[in-house]
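**Q** I am attaching a structure below and will ask some questions about it afterwards.
The values are calculated or read from the model by the stated rules, or taken from the named source; none is laboratory data. Predicted model only: the values in this text are computed from it and were never measured. Cβ placement follows ideal geometry from the backbone for every residue including glycine, while neighbour counts extend to all protein chains displayed. Heavy atoms of the whole protein, side chains included, go into the accessibility calculation; ligands, DNA and RNA do not. Shrake-Rupley method; radii C 1.70, N 1.55, O 1.52, S 1.80 Å.
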Amino acid sequence: YVIRESDVEVSWRTISETDNYGFEIERRRSQYSVVGSRYANPESPIENPEWVKIGFVEGHGTTLIPQSYTYLDRSVAFGKYHYRIKQIDLDGKSESFPEMEVTVGTTLGEIVLAQNYPNPFNPSTVVEYVVPTSGFATLKVYNLLGQEVAALFQGEAQAERIYQATFDASKQPSGLYFYTLRSSGKTETKRMLLLK
């Protein structure tokens, strides 16, 4: 579970252990895109959705006494993640346990507009966002003169769901741009830098 805005604590217990070498903690980032809109691009994943080992916690070998374990994953970037624990025996055999899902960096009822990545970028970049309540929302990009250069999303969005949009700036000149999310009377703006 999330214990601070960007820290995730994974906790588990064992009833007993036999030849337990320890536990690998694995994480993968969920893939998502803007769904139900002409702006969707489900073929464009955010990043590799493979499981990545992020830590190891030593086991207690063989014991009949229940044990408690925790692992703290610090400074996790905004997004939705899956965690799982892989128990490894002294002989190398392993077993993975059911995964759990965690959302990091969102606060109930708040508009969230993450910093684009990569930034600076060339020619495209990804923007992730969350709207506070279901309804009409827009995500638009503006140049330094305040002129709209792209509408990344314009339509109905569901509350508390992480959305992703891609800005393709291959036809835009290098420079500073602003992107603005508007939803439920709330507005959030951030800047991005295109370097060609």
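**Q** Can you go through Glu101, Glu160 and tell me which one is exposed (fewer than 14 other Cβ atoms within 10 Å of the Cβ) and among the acidic types (Asp, Glu)?
**A** Matching residue, one of Glu101, Glu160: Glu101.
**Q** Ok, one more. Do you know which residues across region 67-96 are touching a Lys or Arg at 6+ places or on another chain (Cβ under 6 Å) and loosely packed, with under 13 Cβ neighbours inside 10 Å?
**A** Those that are touching a Lys or Arg at 6+ places or on another chain (Cβ under 6 Å) and loosely packed, with under 13 Cβ neighbours inside 10 Å: Ser68, Ser94, Ser96.
**Q** I'm trying to understand the selection: among the residues of region 114-138, which are over 18 Å from Lys80 (Cβ atoms) and crowded, with 21+ Cβ neighbours inside 10 Å?
**A** Selection gives Thr125, Ala137.
**Q** Quick check on my filter: what residues within region 165-177 are of a type outside the set (Ser, Thr, Tyr), over 22 Å from the mean Cα position of the chain (by Cα) and open to solvent by less than 80 Å² (accessible area, probe 1.4 Å)?
**A** Let us first name the residues in region 165-177 that are of a type outside the set (Ser, Thr, Tyr), namely 165, 167-169, 171-173, 175-176.
Of the ones still in play, those that are also over 22 Å from the mean Cα position of the chain (by Cα) are 169, 171-173, 175-176.
Passing the criteria: Ala169, Gln172, Gly175, Leu176.
**Q** Could you list, ordered by first residue, the pairs with Cβ atoms under 6 Å in which the first is in region 137-149 and closer than 18 Å to Leu113 by Cα and the second is polar (S, T, N, Q), at least 6 apart or interchain?
**A** Listed by first residue and then by second, the contacts come to Ala137/Ser183; Thr138/Gln154; Lys140/Thr180.
**Q** Name the pairs: first residue in region 67-95 and of a type in the set (Gly, Ala, Ser), second residue open to solvent by 50 Å² or more (accessible area, probe 1.4 Å), Cβ to Cβ under 7 Å, at least 6 apart or on different chains?
**A** Pairs found: Ser68/Arg13.
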